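Computed from the coordinates by the stated procedures, all read-outs in this text should not be read as laboratory data. Being a predicted model, the structure only gives us computed values, none of them experimental.
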Amino acid sequence: MPDGTAGLALRRVVEPLPGAVAPLSRASQLEAADHEQNECMQASPSEGERVPYGAIVRHIRANLSRRITVDELAGIARLSVFQLSRAFRREHETTPYRLVLEIRIRHATDMLGAGATIADTALHAGFADQSHFSRRFHELIGVPPGAFRCA
């Protein structure tokens, strides 16, 4: 321990309070961290294990007009939300939310191309309102839905 007033202050901070449980030894801390890491590695998908991408895409398409949560998609994959997000980034270079958004917009382009109104398209593609739909459409396609529809 350092000498002087700094050393005294440091000892006061490091010393446990009366009646407190003694801190874990460094070896115990490392052992606990290693155990937690092993549990996480066993629970997460291995590099060779694949996310059931096809099943997730089918679920999104079948439920396009309603709210789809990442929890729901994680349940299909039998992974936690965090495991699913990591696996998606690793395998598909996107996030589950972005996949839902892209499938919604693809569906919207088909509807607009078939002559549907922007309001109907927004509703059937699962967007909260026409404004939200228009922002996301313009963000992904590069033109507003009205211009796309007229083209």
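Counting only residues that are among the small types (G, A, S) and under 15 Å from L99 (Cα atoms), how many does region 124-139 have? Spell out the reasoning first.
Within region 124-139, the first condition is being among the small types (G, A, S), and the residues that meet it are 125-126, 128, 131, 134.
Filter once more, keeping what is under 15 Å from L99 (Cα atoms): 125-126.
Looking only at that region, the number is 2.
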Worksheet, complete the sentence: The helices (runs of 4 or more DSSP H) lying wholly within region 48-151 that contain at least 2 residues that are of a type in the set (F, W, Y) and within 16 Å of the chain's Cα centre (by Cα) are 81-92
